[in-house]
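Each value in this text was obtained by applying a stated rule to the coordinates, not by laboratory testing. Remember, it's a predicted structure, so these values are computed and weren't measured experimentally. Here the Cβ positions follow ideal geometry from the backbone for every residue, glycine too, while neighbour counts run over all protein chains shown.
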Amino acid sequence: MDSAQVYRGMDIGTAKPTAAERSRVPHHLLDLVDPDQAYSVGRWRDEAIQIVQGIFGRKKIPLLVGGTMLYYRALTSGLAAMPSADVELRAELDASAARRGWPSLHAELAKVDPEAAQRIQPNDAQRIQRALEVWKLTGEPLSKLQLRKDAPLPFVLKAFALVPERTQLHAQIAVRFGAMLAAGLVDELRSLKARFALHPALPSMRAVGYRQAWEFLEGRFGEDELRGRGIAATRQLAKRQLTWLRSFRDVDSHSDPRILRVKLEQTWK
C-alpha cells in the first residue's frame, strides 16, 4: 500500500523490500510502472481488490502494509468516478504555476473548491493541479465529486497502525534517511534520469527523498543540506500520515509493536 513502491527502479528511496525478503514472503503491487509513467489510486484499488480475493482463494491471509493513507481511504471508502488526466490542461496549469507560483493557484482553488483547498497545502503542486483539473473538466468541485462512491469492498478489513512516540519517530526518520543516502539514493536517481525522460513535476519525482535528491543534483544545495531537507520532508510526511490516521475511526492505533503483534494474532485466530 505504497504509492512510490509501484515505480520500477525506485528501490532505495522507497525502502522497497529486498529480493531476499520477497523470496521469503510473496509481495504484491511493487514495480508496476516505470517512473516516467502515471499510476492512479483507482488502478491501485482495483488491483488490490483482485489480489486480496486471489489470496483468500488460496486460503491465505493477505496483509496490506504501507503508509499511503490516500490508498487506504480509497480502498475502504471507495472512489468517485473522476475524469482522466488531460495532458494539455496540465501543461497549462504547470505553465501558469511557473509564472505565478503554486500558492497563487492554491488561492484560485480556494475560490472554486474551498473544502479541497483547506486539505491541500499551498505548495502541494500535484494535488492543486489535480483539483483544478477536475474543476475545469467537470465544472464541479473535487470535494463534491469525492462524495460519490463506487461499490463497497467485497471483503472485511481489520486495520491497525503502529504509531511511535514523536521523539522516537524523529530519531528513526533521521537514521532511515541517512541509511538511504549511504545506500546510494543520489546515484539511484542519477541512473533513473539517464534511463527515463524524467522531470520534477512527475508524481514519481515528487516522492519524498527523490524530490530533494533532484534539487541536489541541480546544484541547489550541498550534501549536508540534502540530508537536512530530506529528514524535514519525511517528518512532514509522517505528520500528514498521523493526521490521516486520526480521521480513520476504524483504525486501532498502538505505540508498542508487541501489542500490535498480539492484536494481529488474535485477529487471525
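Seen from all sides and averaged, what is the projected area of the convex hull of the Cα atoms in the range 1-68, in nm²? Walk me through the intermediate numbers first.
On the way: hull surface 18.9 nm².
About 4.7 nm², averaged over all directions.
If you stretched the chain out fully between VAL33 and ALA201, how much longer would it get, using 0.36 nm times the residue separation minus the C-alpha to C-alpha distance? Write out the running numbers ahead of the final one.
Working: separation 168, 0.36 × 168 = 60.48 nm, distance 1.67 nm.
Full-extension gain reported as 58.8 nm.
Once the convex hull of the alpha carbons of the range 87-145 is built, what does its volume come to per residue, in cubic angstrom? If you can, show how the numbers build up before the last one.
Values: hull volume 3.9 nm³, N = 59.
It is 66 Å³ per residue.
Using the Karplus curve 6.51 cos²θ - 1.76 cosθ + 1.60 with θ = phi - 60°, work out ³J(HN,Hα) for each residue of the range 225-236 in order, rounded to whole Hz, and write x for Gly and Pro.
Whole-Hz 3J(HN,Hα) from phi for the range 225-236: 6, 4, 4, x, 5, x, 5, 4, 5, 5, 4, 5.
Ranking request for peptides 56-65, 8-17, 234-243: highest mean number of other beta-carbon atoms within 10 Å first, then the rest in descending order. List each step's numbers first, then the result.
Values: 56-65: 10.7, 8-17: 19.8, 234-243: 15.3.
Result, highest mean Cβ count within 10 Å first: 8-17, 234-243, 56-65.
What is the distance in Å between the Cα centres of the range 60-89 and the range 170-203?
24
From the alpha carbon gyration tensor of the range 146-230, can you work out the equivalent ellipsoid semi-axes (sqrt of 5 times each eigenvalue) and give them in Å, largest to smallest?
Numbers: eigenvalues 196, 96, 27 Å².
Listed largest to smallest, the semi-axes of the range 146-230 are 31, 22, 12 Å.
Ranking request for peptides 190-196, 127-133: highest mean number of other beta-carbon atoms within 10 Å first, then the rest in descending order. Write down the numbers at each step before the final one.
On the way: 190-196: 14.4, 127-133: 21.9.
Ranked by mean Cβ neighbours within 10 Å, highest first: 127-133, 190-196.
In nm, what is the difference between 0.36 nm times the number of residues separating ARG261 and LYS59 and their Cα-Cα distance?
Working: separation 202, 0.36 × 202 = 72.72 nm, distance 2.10 nm.
Between ARG261 and LYS59, full extension yields 70.6 nm more.
So what is the diffusion coefficient of the chain in µm² per second by Stokes-Einstein at 25 °C and 0.890 mPa s, using a Kirkwood Rh over Cα pairs? Kindly include the intermediate steps, with their values, before the conclusion.
Working: Rh = 20.3 Å.
After rounding, the answer is 121 µm²/s.
Tell me, what is the FRET efficiency for ARG22 and GLN121 to the nearest 0.05, using R0 = 45 angstrom and their Cβ-Cβ distance as r?
Details: r = 34 Å, r/R0 = 0.76.
After rounding, the FRET efficiency stands at 0.85.
Based only on other Cβ atoms within 10 Å, what is the fewest-to-most ordering of TYR7, TYR39? Numbers along the way, then the final one.
Values: TYR7 29, TYR39 19.
With the sparsest Cβ surroundings first, the list reads TYR39, TYR7.
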